[in-house]
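The next block holds one structure in the form of structure tokens; read it before the comments.
The values are calculated or read from the model by the stated rules, or taken from the named source; none is laboratory data. Computed from a predicted structure; not experimentally measured. Here the Cβ positions follow ideal geometry from the backbone for every residue, glycine too, while neighbour counts run over all protein chains shown.
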Amino acid sequence: MSHRRALLPAVLAAGLLVAAGPGGAAVSAGAAPPGRARVAASTPVPTPLLARVSAHGLATPTTAQCEAVLHLACYGPAQLRAAYNLNPLYASHLTGSGVTIAIVDAFAAPQVAGDLATFDAGFGLPNPPSLRVIAPAGALPAFTVHNAAMVNWAMETDLDVEWAHALAPGASILLVQTPVDEVEGLGGFPQIVAAENYVVAHHLADVITQSFGATEQSFSSPATLLSLRSAYLAADAAGVSVLAASGDSGATNFTGTGSTYSLSRAVAWPASDPLVTAVGGLQYSLSASGSTVAPLAVWNDTASLGHPASAGGGPSVVFPRPWYQDDVAAQVGAARGVPDVSLSAAVNGAALTYLGPDASANRPGYYLIGGTSEASPSFAAVVAIADQLAGHSLGLLNPALYLLEDEHAPGLVDVTRGTNTVSFTQSGARHTVVGWNAVPGYDLASGVGGINAAQLVPELVATVGDGPSTRPGPPRS
């Protein structure tokens, strides 16, 4: 399954849960000795770390409290709203009102409405206009906390819903659930495609966000992957924006087994699809008020966690360079390059997310969650606000993003620090997959960079429609 496929060993220590990826030892950020061991299998969340802080009596933790208890920064909605410069839009009554964000996740999440209500109450947020749940691809299996995959999808659902709502509080949320676990290149995608086609055909959403993905090479053939694109073709024709997390393993990704990393560069689909906006990850360093205290950098926590934990990015081996990336051909070559744009995803600076009993396997509280699973629903919120300003959905965003990059538009924040190169131990040997460094302009670590939403929203509205969204080309074999 996607960027995060394996048995993840975990250590539970005095209310602190830290999950490590395959080949890497579990990491404990607390001083207390480890307690009972717990294994989280087949996690659908592309996040290398979950840190629980509520056990220390913190209601809605502050950054200072997270740093004191966990030695990690954590950020709440007010800080990331400020960091993305969303507040001027809110002051102009642009909150995503009248727009629907569709969030696609597997399995039932019976806790999601209650967990969102707790999150909203903790941070003083209004309830969303609507939180609707549908399962158009078939009946969902009964949820149980004894099924680790279900628990972790519930966790993913909480993260997606809470942060899409936190940044676009006026938007309606449509949770689209599928009945089958998404397994790295092997299963789950037909149901996802069916569910997304249903959303598009019935005009249920303006923007779709996905926090899952599978390594391109894990599909049996390029033809198999290409056969699953119907929802994105339909969304493009209908003017619905589709986003996907770029992955959390830096320049590599999981192999088809889901238990090891590729020893060569790899990217994940659907982020690599030319009809999808790939959302990468950045390291934000913020004050209590949300002001930036250090330059933006590509997210890379690999060294501190001991396994790949970095912004996914690189060239596709399936899709050729789309026309809208022609001006960055020097960076992407003949291939579709990932990501397109990036938002906060670091572990040290993670998003505070409330997980109730179901999503936390009966250890409810606030958790720190990093990864591009945070970034994709966050950018969906920004897109929803742009849709409100435009009065209609904007459709495929990528042509506009690259045109704005060409114009050095102030809504895009260039990232020139960091790398998504990762090193890890696997099968007793040390490996390094060399990725890309952030450089001025577009790069395969941060895309066109970060965002200044107060500038980017009107820029997107003014720019979308300047050209055709697609110019078909043959897939790479």
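Within region 166-212, being assigned to a loop (DSSP other than H, G, I, E, B), under 30 Å from residue 91 (Cα atoms) and not acidic (Asp, Glu) holds for 168, 169, 170, 171, 203, 204, 205, 211. Listed by first and then second residue, the pairs linking a residue in region 418-435 that is over 11 Å from residue 249 (Cα atoms) to a residue that is of a type in the set (Val, Ile, Thr) and part of a strand (DSSP E or B), with Cβ atoms under 8 Å apart and 6 or more places separating them unless they lie on different chains, are 418/298; 419/298; 431/425; 432/422.
Of all residues in region 97-128, which are more than 17 Å from residue 383 (Cβ to Cβ) and either in a loop (DSSP other than H, G, I, E, B) or β-branched (Val, Ile, Thr) (or both)?
107, 108, 109, 110, 111, 112, 118, 124, 125, 126, 127
Checking each residue in region 101-128 for being touching a helix residue (DSSP H, G or I) at 6+ places or on another chain (Cβ under 8 Å), among the polar types (S, T, N, Q) and in contact (Cβ under 8 Å) with a residue 40 or more places away in the chain picks out only 111.
Listed here are the residues, each with its yes/no results for (1) in a loop (DSSP other than H, G, I, E, B); (2) touching a Pro at 6+ places or on another chain (Cβ under 6 Å).
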| site | (1), (2) |
| --- | --- |
| 375 | no, no |
| 378 | no, no |
| 381 | no, no |
| 395 | yes, no |
| 400 | no, no |
| 423 | no, no |
| 439 | yes, no |
| 455 | no, yes |
| 458 | no, no |
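Just to be sure before I move on: is residue 233 closer than 30 Å to residue 422 by Cβ, assigned to a helix (DSSP H, G or I) and not acidic (Asp, Glu) in the structure I sent? Considered against the rule, which asks whether it is closer than 30 Å to residue 422 by Cβ, assigned to a helix (DSSP H, G or I) and not acidic (Asp, Glu), residue 233 comes out as no.
Condition (residue is aromatic (Phe, Trp, Tyr) and modelled with pLDDT under 95) applied to region 366-380: is it met by at least one residue? Let's see the steps before the verdict.
Going residue by residue through region 366-380, those that are aromatic (Phe, Trp, Tyr) are 366-367, 379.
Then keep just the ones that are modelled with pLDDT under 95; that gives 366-367.
Looking for residues that are aromatic (Phe, Trp, Tyr) and modelled with pLDDT under 95, one finds at least one in region 366-380, hence yes.
Per the listing 380, 329, 361, the residue uniquely farther than 29 Å from residue 152 by Cα and of a type in the set (A, V, I, L, M) is 329. For region 142-172, the set of residues classified as among the polar types (S, T, N, Q), buried (at least 24 other Cβ atoms within 10 Å of the Cβ) and farther than 15 Å from residue 367 by Cα is empty. Against the list (1) buried (at least 20 other Cβ atoms within 10 Å of the Cβ); (2) touching a helix residue (DSSP H, G or I) at 6+ places or on another chain (Cβ under 8 Å), the condition residue 433 fails is (2).
Only one of the listed residues (89, 94) is assigned to a helix (DSSP H, G or I), over 14 Å from residue 164 (Cα atoms) and either hydrophobic (A, V, I, L, M, F, W, C) or in contact (Cβ under 8 Å) with a residue 24 or more places away in the chain (or both). That residue is 89.
Mind telling me which of the residues 153, 163 ends up being among the hydrophobic types (A, V, I, L, M, F, W, C), modelled with pLDDT of 95 or more and in a helix (DSSP H, G or I)?
On the way: 153 fails: modelled with pLDDT of 95 or more.
Checking each option against the conditions leaves just 163.
Assess whether residue 371 counts as being out of contact with any Asp or Glu (no Cβ under 6 Å at 6 or more places or on another chain), buried (at least 24 other Cβ atoms within 10 Å of the Cβ) and closer than 22 Å to residue 74 by Cβ. No: the conditions fail for residue 371.
Restricting to region 429-477, name every residue that is at positive phi and at pLDDT below 95. Reasoning before the result, please.
So the first thing to find is which residues in region 429-477 are at positive phi, and the list is 441, 447, 449, 465.
Listed by number, the list holds a single entry, 465.
A residue that is touching a residue at least 24 places away in the same chain (Cβ under 8 Å), under 18 Å from the mean Cα position of the chain (by Cα) and over 24 Å from residue 248 (Cβ atoms) occurs somewhere in region 393-405. The lone criterion from (1) at pLDDT 95 or above; (2) of a type in the set (S, T, N, Q); (3) within 19 Å of the chain's Cα centre (by Cα) left unmet by residue 253 is number (1).
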